[in-house]
Amino acid sequence: MGDAVACSVLVPVLNEERYIEQAVDAMRRQRFDGELEFIFADGGSSDRTREILERLAQEDPRIRVYDNPSRSVSSGLNVCLSHARGHWVARMDAHTVYPDDYIARGVARLREGGTRWVSGPQIPTGRGPVSRAVALALGGSLGRGGSRKWGVADRTEGAEYELDTGVFTGVWERATLLEYGGWDERWPRNSDSEMAARFLARGERLVCLPAMGGRYVPRDSLRGLWRQYVDYGEFRARTYRRHPHSMRASHLLAPAVVLTGAAALAGPPTLRAWARFGEALYLAALAAAGVRSRSAAERSADAALVPLVLFAMHHGHGVGQLRGWARYGPPLAAILRLAGTSGATGAPHGADAPVFAPSLVLRS
């Protein structure tokens, strides 16, 4: 293929045997006027993921598989980018099925100008009881939390809107990703949001096309969901420290929920009374969300799980943020910015800080 490659598809994987063949099939169905290559970085899967990918690579020379010794998503993406030969680059996830024209639409929009990062919304599609409940939860405001990356497929021509740091994969020129230094490997989670913050700090526009919506399979266990949101919260906190402009007011709700619950259990008497009142309102809101989700639920049991998964998502994200504040320091600059207060706070601002990307080794 050599220089004939038009677009490289980057896919970090780890223990994805349940979904990998369906994901690869969807990738190979892409209708794009140009040569594609599919680059996978395996973080040492202990299941049959690597075996399946090696078999598929023997059947299709466009598929290449590499090792990702650092095992994180960000390092895997940098490994893939190191081997990419296309003018364009698309990031895809093994837990997601993308529309057949995902790459074509993304490249076409980039060619129009006015943006250097094009993506589609993340459309949650459940397959098990917890997974389906998460999808229902993400259909409402309590699950989305103000993020515009969650959505439904909309094939209306020309429909688009701008995003903040809440992004889901994307399509770029390869040169653009190299200009920005790739993905920062200090962010094993939330790395797309950290990169988006760097783009926005330089005045870039991040464009979302509803027609590019990818169907994502949420976690199907409460334990897995909890761990996912704890990780997201912790690295969101690190992103606020590096990029204060990336914090929305809604991002503070999850730690506030956790602190309110703690105060309701063990706060001073006066504070405890108010906290218990707030906790009662919160639990009532969760119950109401479960009731509202019944009309969209495949099974009534799925709707019954919605309050539980919302509780796990909110508290996981809140605990993760608080853990991040303890580990990296409180995001004072971000909070003061939201409050409209200016002044030096000593908090770092990372718009021009070096990117840590040891896995990005460019090849001639």
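The values are calculated or read from the model by the stated rules, or taken from the named source; none is laboratory data. None of these values were measured; they are calculated from a predicted model. Heads up, the Cβs are rebuilt from the backbone with ideal geometry, glycines too, and the neighbour counts pull from every protein chain shown.
Quick one: in region 216-230, which of the residues that are under 14 Å from the mean Cα position of the chain (by Cα) and farther than 17 Å from V319 by Cβ is surrounded by the most Cβ atoms within 10 Å (Cβ to Cβ)?
The extreme case among them is P218.
Residues in region 191-204 that are touching a Lys or Arg at 6+ places or on another chain (Cβ under 8 Å), under 27 Å from Q30 (Cβ atoms) and either part of a loop (DSSP other than H, G, I, E, B) or among the hydrophobic types (A, V, I, L, M, F, W, C) (or both): how many?
Result for region 191-204: 2.
If you go through region 153-163 one residue at a time, do you hit one that is within 25 Å of G233 (Cβ to Cβ) and in contact (Cβ under 8 Å) with a residue 60 or more places away in the chain? Steps first, please.
To start, the set of residues in region 153-163 that are within 25 Å of G233 (Cβ to Cβ) comprises 162-163.
Cutting the leftovers down to in contact (Cβ under 8 Å) with a residue 60 or more places away in the chain gives us none.
No - not one qualifying residue is present in region 153-163.
Being modelled with pLDDT under 90, within 17 Å of the chain's Cα centre (by Cα) and exposed (fewer than 14 other Cβ atoms within 10 Å of the Cβ) is the filter here; which residues of region 134-169 pass it?
Residues satisfying the conditions are G146, V152.
Does region 60-72 include one or more residues that are within 24 Å of G213 (Cβ to Cβ), of a type outside the set (A, V, I, L, M, F, W, C), assigned by TED's automatic domain parsing to the domain that holds Y102 and loosely packed, with under 14 Cβ neighbours inside 10 Å?
Step one: list which residues in region 60-72 are within 24 Å of G213 (Cβ to Cβ), which gives none.
No; the residues of region 60-72 include none that is within 24 Å of G213 (Cβ to Cβ), of a type outside the set (A, V, I, L, M, F, W, C), assigned by TED's automatic domain parsing to the domain that holds Y102 and loosely packed, with under 14 Cβ neighbours inside 10 Å.
Would you be able to tell me the number of residues in region 212-249 that are of a type in the set (A, V, I, L, M, F, W, C) and more than 27 Å from R127 (Cα to Cα)? Let's see the steps before the verdict.
Filtering region 212-249 down to residues of a type in the set (A, V, I, L, M, F, W, C) leaves 212, 217, 222, 225-226, 230, 235, 237, 247, 249.
If we keep only those that are more than 27 Å from R127 (Cα to Cα) too, we end up with 235, 237, 247, 249.
Result for region 212-249: 4.
When residues of region 76-120 are filtered for being free of Cβ contacts under 8 Å to residues at least 12 places away in the same chain, part of a helix (DSSP H, G or I) and either on the phi > 0 side of the Ramachandran plot or among the charged types (D, E, K, R) (or both), how many remain? Before the answer, list the steps.
Going residue by residue through region 76-120, those that are free of Cβ contacts under 8 Å to residues at least 12 places away in the same chain are 108, 111-113.
Those left that are additionally part of a helix (DSSP H, G or I): 108, 111-112.
Okay, now just the ones that are also either on the phi > 0 side of the Ramachandran plot or among the charged types (D, E, K, R) (or both), so 111-112.
Selection size over region 76-120: 2.
Looking at region 33-75, which of its residues are in a strand (DSSP E or B) and under 21 Å from the mean Cα position of the chain (by Cα)?
If we filter region 33-75 for residues that are in a strand (DSSP E or B), which is where we start, we get 35-42, 63-67.
Correct list: F38, I39, F40, A41, D42.
Out of everything in region 97-133 that is modelled with pLDDT of 95 or more and of a type in the set (F, W, Y), what residue ends up being surrounded by the most Cβ atoms within 10 Å (Cβ to Cβ)?
Looking at residues that are modelled with pLDDT of 95 or more and of a type in the set (F, W, Y), I get Y102.
Hey, could you check region 1-50 for residues that are polar (S, T, N, Q) and in contact (Cβ under 8 Å) with a residue 60 or more places away in the chain and say which is nearest to G170 (Cα to Cα)? Steps first, please.
If we filter region 1-50 for residues that are polar (S, T, N, Q), which is where we start, we get 8, 15, 22, 30, 45-46, 49.
Now restrict to residues that are in contact (Cβ under 8 Å) with a residue 60 or more places away in the chain: 8, 22, 30.
Details: S8: 12, Q22: 20, Q30: 15 Å.
Checking each candidate, the answer is S8.
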